[in-house]
Amino acid sequence: MLKNTLTWTVKNEFHGRKISLNSQDSKIQLFMKTAIIARQLLIALVAGLCFLVLVTQTQAAPKKVLVVTVTKGFRHSSIPTAEKILAELAQKSGDFTVDYVRTDAEMAEKMTLAALKNYDGVIFANTTGVLPLPDKQAFLDWIKSGKAFIGMHSASDTFHGPDGTVDPYIEMIGSEFKQHNAQAEVDCINQDPKHPADKSLPPSWHLKDEIYLMKNFERSKVHGLLTLDKHPNEKTPGDYPIAWCKEYGKGRVFYTSLGHREDVWDPNTAPNFKRENSKEVSELYQKHILGGIRWALGLEKGSARP
């Protein structure tokens, strides 16, 4: 009986130790699983915070754009409207902010090479003539370095070369204003419906504006966005470019010759202005130029291939 008691006691102690060891193993395994899960959660949390910081920084840093409306030739009455609409597009989109150059003094201050380093792009909104840039070649080199140039309407009536020569500015923008006739109703052909400047436009866009006839234009050097297949007034067949984009060094250039009339820019013109374009035309024009601005600033993809 004593032997049986001792045998039972030994077996019982051994079984108890086995139970104890199994319990410890389970706790270790549980601890390790918990540690792995905690590590995975920490990694996910850190990744989420990094993404949030990146998104916040992106949203908090809109591109800086300089809007130039200085003129040394004809001054369009639509310039104040253009300034207002560009400010509204900047504010509503959140993609960029605008600063202005309206006078020679502001040009001398804000368009030196040192000052231009504060901006990501420039918009020439209905500029004309030979502008008093502090250093035109430095300005063009600044665009080439990877900046954006956006031009509306008479931006192509700026910096004409002497004695029929082609000014380097004209080479940058892609063409030069030659002449215009009476304002006309036209059907602009959408050449690239996938491009940000064209994606909101119909295949054929009907509007009324002062239509520029160009010179020193080569299709092999630009990516067409809008064109006419007939003369705006005489209606004879031909190639009459309206809008295009191109690369300039590492920079991007977007130009549209539309934008003479206030009711092209603004769906809500002054009561005393006689509208000849629908509000839809103005809304589409704003989408056209906003898409071009976004593309030139590198915020949206689109082809620049000729």
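The values are calculated or read from the model by the stated rules, or taken from the named source; none is laboratory data. Note that the structure is predicted; figures quoted are calculated from it, not measured. Positions of Cβ are backbone-derived with ideal geometry, glycine not excepted, and every protein chain shown enters the neighbour counts.
Among K221, K230, which is the only one that is more than 15 Å from M152 (Cβ to Cβ), over 22 Å from the mean Cα position of the chain (by Cα) and not acidic (D, E)? Walk me through it before giving the result.
Numbers: K221 fails: over 22 Å from the mean Cα position of the chain (by Cα).
None of the other options fit; the residue is K230.
Looking at (1) part of a helix (DSSP H, G or I); (2) under 15 Å from K147 (Cα atoms), find the lone condition where Q286 falls short.
Condition (2) is where Q286 drops out.
Just to be sure, is Y212 more than 20 Å from T128 (Cβ to Cβ), out of contact with any Cys (no Cβ under 9 Å at 6 or more places or on another chain) and among the hydroxyl-bearing types (S, T, Y)? Steps first, please.
Working: more than 20 Å from T128 (Cβ to Cβ): no; out of contact with any Cys (no Cβ under 9 Å at 6 or more places or on another chain): yes; among the hydroxyl-bearing types (S, T, Y): yes.
No.
Looking only at residues that are acidic (D, E) and in contact with a strand residue (DSSP E or B) (Cβ under 6 Å, 6 or more places away or on another chain) in the range 113-166, which one is surrounded by the most Cβ atoms within 10 Å (Cβ to Cβ)?
The residue in question is D157.
Within the range 270-283, take every residue that is modelled with pLDDT of 95 or more and surrounded by fewer than 19 Cβ atoms within 10 Å (Cβ to Cβ) and give me the one that is nearest to A243 (Cα to Cα).
E283
Just one of the numbered conditions (1) under 24 Å from V122 (Cα atoms); (2) out of contact with any helix residue (DSSP H, G or I) (no Cβ under 8 Å at 6 or more places or on another chain); (3) surrounded by fewer than 19 Cβ atoms within 10 Å (Cβ to Cβ); (4) of a type in the set (K, R) is not true of K301; which one?
Just one mismatch for K301, condition (2).
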